[in-house]
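The values are calculated or read from the model by the stated rules, or taken from the named source; none is laboratory data. On a predicted model such as this, the values are computed, not experimentally measured, just so you know. Neighbour counts are summed over all protein chains in view; Cβ atoms, including those assigned to glycine, are modelled from backbone coordinates with ideal geometry. Calculation scope for accessible area: heavy atoms of the full protein, side chains included, ligands and nucleic acids excluded. Shrake-Rupley method; radii C 1.70, N 1.55, O 1.52, S 1.80 Å.
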Amino acid sequence: MAELRISTKWMAATSGEPEVRATAALLDMYVDTISLTRNQDLWAETVRDNVFVSAYPLAMWFASSWWRLNHEPLPPQQPGHDWRMVHELGAANHGFVWPRVVFIPDGEAIHVWAGASMTPDQSVQYLQTLDVPRTIALPGFQQSLERFIHSVLARLDAKGLAGSNLAHLWALVQEDLADPDAARRRKLEAELGFDPEECPEQALNAALQWASQVGDAALSELAPAIAASGASPDLALIGQLASAGGIVGTPEISPDSIVHLEHGAPWERAIHDARMLRHQLGNVSGPVGNSSLHDLLGMSSEAAANWSVPVGRSPVAVAIPVNDRQLQFVPRKRNPAGRRFELARFLGEYLSPSTQKAHWLASTDLSTFRQKYQRAFAAEFLCPIDSLTSFLGGDFSSYAIEEAAAEFDVSEKTIESLLLNNGYVHHHGADSLPYRMAA
């Protein structure tokens, strides 16, 4: 995991509001040894790692964005203006030019993206681009922000400005953090895409009611996925899923049947678990048939084939506990390859040692830690990368990919993703940021 460091060298300033003047500084922001603030100052004709700004608006942005910045994942579609204002560093604004940096939480960590900002009419042009996002553990990220905010507050105190808006706002954040019930509400509001106390009270209370039934972990997956689809924030869709029926299965394996990695990125843990399961099944490299997949989940192949997805396009699929051992699977994919991949995702989620077995399992299109784990597990379990590359024999043409998809009974998109993620093919002209941004 990487470390975020924000430091300031206080400077004198003669213009701006009192808090802005008092916190004028040469500011630098590093992820490990990489300077996110490395810039070319066109007026001073210098290149340096720090930039002359005021730390106050940045601290205000971190404090006001705290809950969503830490808990609101990237939506599956192009994010809207409201999401971008609390995840893109440039929203700190206040007349200063900030680096093009995006912070995206996944439930366990914060992913930091950075792209160069070379707008011709700007006096400061930021030079740093991250070829891949850097990952910061959520507690470490929060500690870094806290240290920075406290340093700004100390500077304001020293300048006789103790009663600032920042001090008031940060006190509210600290108060909520110290109250488990308030923190739970703030977190769910953020997952639903709302700023603190902006979610309609009735809708938030209705959404909170689902926690006891589906479990906190599952609710943190379901809430942002349902909210991103445009459904009501009261999460009434969960009730529809609960009454939709499903495919009943009694998994014949348990999470403790394989040895799990305790640390690592989601795809590292997922690939390890998929290979351990295959080794236990005595099928290290061959295709996995539908009957074998269904048997592992303890479901009837006939029931799986006859399941009809409810009308409409659901943003989530779930598996609902019936009793201590049985689950009712409610898939959402209609095509056979998609349904098969979805069931493999549920298998991985069921095997995960972090899963609360008394509560629901959730599969979505989000890029949270759990969803990344599921997708990587399903891909490696159904189509092991070593077996795939052996089958392709160095031929990555569209025809070869089509044949591989048929051999392992997965989609061509799965094959392409496996090859891309393992470095066998590359994006051409890929952007360094997670979505399209205006210049």
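Mind checking the dipole of the chain: about its Cα centre, +1 per Lys or Arg Cβ, -1 per Asp or Glu Cβ, Debye to the nearest 20? Provide the component values of the computation, followed by the final result.
Values: 33 positive and 51 negative charges, 30 e Å.
The calculation lands at about 140 debye.
Could you point to the residue in 107, 94, 64 farthest towards the positive end of region 61-114's charge dipole, with +1 and -1 charges on the Cβ of Lys/Arg and Asp/Glu respectively?
So the residue we want is 94.
Could you put 65, 232 in order of accessible surface area, largest first, with the 1.4 Å probe and the full protein assembly present?
232, 65
Using the Karplus curve 6.51 cos²θ - 1.76 cosθ + 1.60 with θ = phi - 60°, work out ³J(HN,Hα) for each residue of region 8-22 in order, rounded to whole Hz, and write x for Gly and Pro.
9, 10, 5, 10, 8, 9, 10, 10, x, 5, x, 5, 5, 4, 5
For Rg and Dmax of the Cα atoms in Å, the listed values are [x] 25.2, 83; [y] 20.2, 60; [z] 24.2, 76; which was obtained by calculation from the structure presented?
Label [z] holds the value from this structure.
Give the carbon-plus-sulfur fraction of the accessible surface of region 254-294 in %, rounded to a whole number; probe 1.4 Å, heavy atoms of protein chains only.
Details: 1290 of 2280 Å².
The nonpolar share, carbon plus sulfur, comes to 56 percent.
Sequence neighbours fewer than 8 away in the same chain don't count; with that in mind, list the lysines whose C-alpha is under 19 Å from residue 413.
The reachable lysines, counting only those whose Cα sits under 19 Å from residue 413, are 333, 372.
Can you list residues from other chains, or at least 5 along the same chain, whose modelled amide H is less than 5 Å from the amide H of residue 100?
Correct list: 115, 117.
Return the sequence-ordered ³J(HN,Hα) values of region 309-324 in whole Hz as given by the Karplus equation 6.51 cos²θ - 1.76 cosθ + 1.60 applied to θ = phi - 60°, using x for Gly and Pro.
With coefficients 6.51, -1.76 and 1.60, one gets 5, x, 4, x, 10, 7, x, 9, 10, 9, 10, 10, x, 9, 8, 4 Hz.
Dipole size in debye (nearest 20) for region 272-390 around its Cα centre, Lys and Arg Cβ +1, Asp and Glu Cβ -1?
300
Using 1/(1 + (r/R0)^6) with R0 = 60 angstrom and r between the beta carbons of residue 127 and residue 311, what's the FRET efficiency to the nearest 0.05?
For residue 127 and residue 311, the calculated efficiency is 0.70.
Before I look further, what does region 1-88 give for accessible area per residue, probe 1.4 Å, in whole square angstrom?
With the other protein chains kept in place, region 1-88 gives 45 Å² per residue.
Rounded to whole Hz and in sequence order, give me ³J(HN,Hα) for region 380-397 from the Karplus expression 6.51 cos²θ - 1.76 cosθ + 1.60, θ = phi - 60°, writing x for Gly and Pro.
Working through the residues one at a time gives 5, 5, 7, 9, x, 4, 5, 5, 5, 5, 5, 5, 6, x, x, 9, 10, 5 Hz.
On a C-alpha basis, how far is the centre of region 35-73 from the centre of region 358-396 in Å? Whole number, if you could?
36
Rounded if a/c is under 1.5, else prolate if a/b is larger than b/c, else oblate: which is region 309-364, with a ≥ b ≥ c the root eigenvalues of its Cα gyration tensor?
prolate
Would you work out if region 239-297 is rounded, prolate or oblate? Take a ≥ b ≥ c from the square roots of the eigenvalues of the alpha-carbon gyration tensor; rounded if a/c is under 1.5, else prolate when a/b is larger than b/c, oblate otherwise.
On the way: a/c = 2.30, a/b = 1.43, b/c = 1.61.
Taking the square roots of the gyration eigenvalues as a ≥ b ≥ c, region 239-297 is oblate.
Averaged per residue, what accessible surface does region 156-284 expose to a 1.4 Å probe, in Å²?
50
I need to check one value: relative contact order of the chain, counting alpha carbon pairs closer than 8 Å and at least 6 residues apart, in percent. Write down the numbers at each step before the final one.
Details: 720 pairs, mean separation 60.6, N = 439.
Normalised by residue count, the contact order of the chain is 14 percent.
Once both labels are modelled 7 Å past Cα along the beta-carbon direction, what's the residue 420-residue 396 spacing in nm?
Simple spin-label model gives 1.2 nm for this pair.
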